[in-house]
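Derivation of every value follows stated rules applied to the coordinates shown; laboratory data play no part. Here the structure is a predicted model, which means the values were calculated and not measured. Please note: Cβ atoms are built from the backbone with ideal geometry, for glycine as well, and neighbour counts cover all protein chains shown.
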Amino acid sequence: MLHAIRARSASACLAATDPPPAGNTVMNIHVRKFAILVAAAAAAAHTVGCAPSPRSDTRLAYRVANMANTIGIVEDAEVQRPRTFNDTLGVWTRGIEQDARKTGRHPELIDQYYRFQFKRWNDRQPFYRRTLEGVFSGQPERIEGNAITLFY
């Protein structure tokens, strides 16, 4: 008996997935209307969208001229790149040399600066702790972004 029930339920599942009968004319009419509508819309779009017009020719010429201008700007930048790179390298070199000269002349100022920064960092530890506890308490998903903001 159980085997007969299983066989009946399997055939019912198969019947539910079968396509509708060929005599379903209401469905066929709607499908045909939709297919004709899509074909007509595609034909209309094809004839209207591809027709040449003075406006499209003007826009195409404008885009081609702008592309030529862009290519010219890139070419000029590439020609000037070695000179500008050497200028930048010179600025860096002069800055490093200037920093080295200043460092040798004022070691006491450098010492004072680092002592001040270290003292400031030590004095602010209670504030840092309170801030960290407030930011991170109960919200572990916010640790990464806030830690970056706080420490960098």
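Full-extension gain between residue 87 and residue 66, please, as 0.36 nm times their residue separation minus the C-alpha to C-alpha distance. Show your work: numbers first, answer last.
Values: separation 21, 0.36 × 21 = 7.56 nm, distance 3.04 nm.
Between residue 87 and residue 66, full extension yields an extra 4.5 nm.
What length, rounded to one decimal in nm, is gained on full extension from residue 94 through to residue 149, with 0.36 nm per residue of separation minus their alpha-carbon distance? Each step should come with its number before you reach the end.
Working: separation 55, 0.36 × 55 = 19.80 nm, distance 3.26 nm.
Extending this stretch completely gives an extra 16.5 nm.
Label residue 113 and residue 38 with points 7 Å out from Cα along Cα→Cβ: what is the distance between them in nm?
7.2 nm
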